[in-house]
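Following: one structure in structure tokens, then a few remarks.
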Amino acid sequence: MSPSRLEHPFGQLIDRDTPVTFEFEGETVQGYAGDNVASALIGEGRWLMSRSFKYHRPRGPLSLAGHDANTLIQTPTAANRLAEDLMAKDQGTLSGQNYLGSLKFDYYSLLDRLGRFLPVGFYYRAFFKPRGMWRFWENVIRNAAGLGVANLEATPRYTDKQYLFCDVAVIGAGPAGLNAALTAATGGAEVLLVDEQELLGGALTYHRFTLEDDSRAQTLKALSHAVANHDKIRVLTGATCNAWFSDHYLPVFQGDRLYKVRAKTCVLATGSSEQPVVFRNNDLPGIVLCSGLERLMMHHGVCPEGPAVILAGNDDAYLTAITAAEAGLSIAGVVDLRSEPDDLALPAALSERGITLYKSATVFEAHSDKSGAQLGAVTIYPIESEGKVGVTPTHLECRLLAMSAGFMPAYQLACHGGAKLAYHDDKSEFTLTELPEGMHLAGSVNSTHDLKAVCADGRNAGRGALRALALETDNDETVQCERHVNHPWPIFKHPKGREFVDFDEDLQIKDIINSARLGYRDIQLVKRYSTVGMGPSQGRHSALTTARLIADATERTVTETGVTTARPPVKPESLGVLAGRRFHPIRKTPMDQRHLALGAHMIPAGSWRRPAFYGALDHRAANIAAEAHAVRNGVGMIDVSTLGGIELRGPDAAEFMNRIYTYGFLKQPVGKTRYAALANEQGVIIDDGVAARLAEDHFYVTATTTGVDRVYSEMLRWNAQWRLDLDIAQVTSAYSAVNVAGPFSRDVLEQAGCNIELSSESFPYLACREGMVAGIPARLMRVGFVGELGFELHVPSLMAQTLWDKLMVAGEPFNIKPFGVETQRLLRLEKGHIIIGQDTDGMSHPGEVGLAWAINRKKAFFVGRRSVDILMSQPLKRQLVGFTLSPSAPKPEEGHLVLRDGDIVGTVTSCEYSPTLAKVIGLAYVHPDDAQPDSEVTIRTANGVCVQAPIATLPFYDPGNARQQL
Amino acid sequence: MPDPQQCSDKDWASYVFYDNNAIGIVREWWQHAPSSYWFIAERHNASDDILRTYDPGELFSERVDFTTGENEP
């Protein structure tokens, strides 16, 4: 049978005609569409929803608004979800978390009894003696720690992001936000209105603002209707604004979408967090905030089992009692911490309804029922002085306690923007000041609590936003709010403790005070030592109490004590939504299809994909060996289209080259190439390439695939300062290139048809030419990277695939073999050529890596010149050298350490087996004293096995460099 | 930038590695990524307010020459 619920006007969100069921902890639960999991559970009288973090105490909802973390449960696909944030419909099987056994009978709850051995910070001092005990304890702790369990089989769901722009972003759609949005929109601004609840209206949807409660419903209806129908207001409900970033950049999370909102100005009407009273066992399931009880009744029509006690620090709690009484809840008493309510009509309203009023009194201790998992009774004492009670107790049986000690503004977004919190002793409230430009506050976050004042405050904020946008508006209204909603000291220390200040972290009053006693007096240190405010609630219900306790313990004002820095996110955000759509753009060269057709094993290279080698992955070594053999003995072709390309054109092109790169370029002849090494201002080599001088005023320079963007960018920045007469263009995608290498490479080009003389006299090593190859306009360069006769052809990208096809055909008689980037890396290693970023790191200066020859000392300036001079005049700390090893020795990998007398002196940067040389070869940084070819160095390979490697002269292959100069 | 040919090693190292980092208005190089256009921004480094942006030509209008030393290939 479906659970009974209150009639209209209670239960605004539920659909009484659509019952829903789900399972929680193995038992079926019935609710209605529109219920969340928490309201459905309470609708069936089930308050126990979780076990607390440290002591594994039974816990149930506190705020019922997703503001506390007492209801973290496990769903089939996700862990750590708040029960009140999950709709009851379509939930399936749910369970609790953080227990050993079951939620009802958690063996870990023994930790509650051992509490005195687990004081705050106990883990800094325990578990380390006797020596070796940590290994045992670590295992125990790892199993006990953590909350929910991640589902490793879960399929990622679709998430995405969208950009939104507006004139005014209004965060919070309570009475203040609704008024602000309407005022701004009517004044001509484009408004985005955001609220974390599904329903517009905020507190207007559940709170009784006045005794008569006559106009609230109409006000709500009128405002919601106006907002929904205003064409200048866009509404996002169920949406949380998780941060405020510079210039009103706001991340708004709604379901599986992240809206990146840029507003010109914003209004924060985020409301305030109701505060708990701090007394022994104030964490029992069944103890809620007054607003929580109101939400249950007004939103979900749930009338929990009574009797109920209302613990009042303000008049609002009385109003909650009256609403509850109207709903039929049996109220055992209203306990007022004050001697009188502000509105003197309230006591009479209570007695009319047969509700007993206890004045100047507090609940001092709550007791559980027989199950241990729900409130059963409370003990009330009269208040004698701040935090101290008298001697005469009153015992009240009750199943529910609703409390309100006051309110703390939802300050997070404002504080992200630099706003400060100041405490006012007269009202015992924190207020926000020093707002950033363009941010306006309205409503209870602005310390305004009277409904009429809140609405006026909202309209003023709307006007403020219009003024910030230079739009016309009328003068502000006077906002007057005399209400006192905060009790100055709702904190009652009990000799037996367990008066919780922070529910997330299981911290009681003495934990906070002891932090100060141990010397952690600054609120930032109190937080880090005790962990107060570090849980999911992020201090919403603990910051105010902590500030008061620490101010008192350190004899400072509450303002001086303050609260800890608010940082994004305001509420937990899922990594999946932050990641957004899962697509990974890759850049393909024009020959991409050819590589796939040839069975290439493709790998990422920066944002590109390139062939590593051709053939099956499980035959990697054999495939690479075959390709290398072809290049050394026949002819191979590699697609090097990803190489960066920059065109420099103009009268100052050579002068510019001269200043950017370390080598000399002013006298570089037209038709020759030179090595272009780039240093940064610290004197570190950061990129290299080949510079071809195609004309007096025209250089074509290559750069590394992953470095070209930075090189181009830096060139532009330098010339913005030097104002030389040249144009700089990035042409990486415009040109594509292949490198045809091997003894028969010249023959292949001649076979393909080339209008350039290719003989070694006409086209010597390191020269460059422009002409036609196979009918395609090409720039040709003879470079020595792999150490064989070879030609690098750069052609317009549109023609590159055709060039590849024609060269493959032309190469058939010579058994041309395509080779990939891993083969190329082996071939260059055999020649001892370095790869920037592989054999160099963030500290490598030219002297360390054998590039002293590439430094031109006669020219006046190049970028990094002074630093290079300083570094190279100092003794070397390390040197990059070649080494060899027998193929039967353990093979070092990149990153393996080079040791000398037990100290680390360097690392291996490249290491491969060379089939041509039948040896393992590599490059490593070694101690300068060991850099000579007759030395040996110690390399520590995998699992600590050390090998002695003799230093070799570079290059390993073809020492005379004759083959590339053919 | 101090004159790399005249300044002391200490001054040069100071230019490369150290920053005053005082709170106040800083003048910075910013680049518009889609167009690769470099410009100057004046920003207050505590409040993050951008006070002014302008073309580098306002600060660098003359051709810069490095004259001392020969120029060899």
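Observations on the structure shown:
- Dipole of the protein assembly as shown, positive direction: furthest Cα of A:170, A:291, A:625, with charges on the beta-carbon: A:625
- Nearest-20 debye value, the range A:137-256 charge dipole, Cβ charges on Lys, Arg, Asp, Glu: 40 debye
- Inter-probe distance in nm under a simple model that places probes 7 Å from Cα toward Cβ, at residue A:815 and residue B:9: 5.8 nm
- More than 22 angstrom apart: percent of Cα pairs within the range A:728-869: 51 percent
- With R₀ set to 51 Å, the beta-carbon distance separating residue A:889 from residue A:583 gives a calculated FRET efficiency near 0.70.
- Measuring between alpha carbons in the structure, the pairs from A:858/A:919; A:420/A:452; A:54/A:420 lying more than 30 angstrom apart are A:858/A:919; A:54/A:420.
- The value obtained for the range A:916-958, namely the Cα convex hull volume divided by the number of residues, is 87 Å³ per residue.
- Convex hull per residue volume in Å³, alpha carbons only, for the range A:733-808: 81 Å³
- Extension gain, residue A:386 to residue A:904: 0.36 nm times the residue separation minus the Cα-Cα distance gives 180.1 nm.
- Förster-model FRET efficiency, 25 Å R0, residue B:52 and residue B:22, C-beta, rounded to 0.05: 0.85
- Distance from the alpha carbon centroid of the range A:361-387 to that of the range A:746-767 works out to 96 angstrom.
- Computed across the range A:626-697, the Kirkwood hydrodynamic radius from all distinct Cα-Cα pairs reaches 14.3 Å.
- Counting, for every residue in B:5-17, the Cβ atoms of other protein chains within 10 Å of its Cβ and taking the mean gives 3.
- The listed peptides A:448-457, A:893-902, A:609-618, ordered by packing as a protection proxy, come out as A:448-457, A:609-618, A:893-902 (highest mean of other Cβ atoms within 10 Å first).
- Cβ neighbours within 10 Å from other chains - mean over A:859-871: 5
- What the Cβ-Cβ distance of residue B:31 and residue A:695 gives, at R0 = 30 Å and to the nearest 0.05, is a FRET efficiency of 0.55.
- Rg/Rh (Cα only; Kirkwood hydrodynamic radius) as it applies to the range A:221-290: 1.12
- Set A:588/A:817; A:388/A:527; A:427/A:510; A:388/A:571 screened for pairs whose C-alpha atoms are more than 29 Å apart: A:388/A:571
- Residue-span extension gain [residue A:222 to residue A:131] - 0.36 nm each, minus C-alpha spacing: 25.7 nm
- Number of partner chain Cβ atoms within 10 Å, mean per residue of B:20-33: 1
- Near-label residues of the range A:379-416 by backbone N, under 15 Å of a point 7 Å along Cα→Cβ of residue A:351: none
- The alpha-carbon atoms of the protein assembly as shown define a convex hull whose volume equals 223 cubic angstrom per residue.
- P(r) of the range A:461-570 over all Cα-Cα pairs, binned every 10 Å from zero, in whole percent: 13, 36, 22, 15, 11, 3, 0
- Fewest-first ranking of A:207, A:927, A:584, using other Cβ atoms within 10 Å as the exposure measure: A:584, A:927, A:207
- Look at the dipole of the protein assembly as shown built from charges on Cβ: of A:185, A:364, A:791, the Cα furthest out on the positive end belongs to A:791.
- Centre-to-centre separation between the Cα atoms of the range A:849-896 and those of the range A:39-58: 65 Å.
- When both the range A:75-92 and the range A:278-343 are represented by their alpha-carbon centers, they are found 27 Å apart.
- Farthest towards the positive end of the charge dipole of chain A, among the residues A:608, A:694, A:486, is the Cα of A:694, using unit charges on the Cβ of Lys, Arg, Asp and Glu.
- Magnitude of the charge dipole for the protein assembly as shown, about its Cα centre and with charges confined to Cβ atoms of Lys, Arg (+1) and Asp, Glu (-1), is about 2200 debye.
- 10 Å-binned pair-distance histogram of the range A:398-509 (Cα, whole percent): 12, 32, 32, 15, 7, 2, 0
- Rg and Dmax, both from the Cα atoms of the range A:200-249 and both in Å, are 14.6, 44.
- Computed over the alpha-carbon pairs of the range B:23-64, the distance histogram in 5 Å steps reads 6, 22, 25, 22, 16, 7, 2, 0 percent, short to long.
- Only Lys, Arg, Asp and Glu carry charge here, each on its Cβ (+1 for the first two, -1 for the last two); on that basis the range B:23-64 has a dipole of about 80 debye about its Cα centre.
Just so you know, all these numbers are worked out from the coordinates, no wet-lab data involved. Just so it is clear, the structure is predicted and the values come from calculations on it, not from any experiment. When we count neighbours, we look across all protein chains shown, and the Cβ atoms used for this are built from the backbone with ideal geometry, even at glycine.
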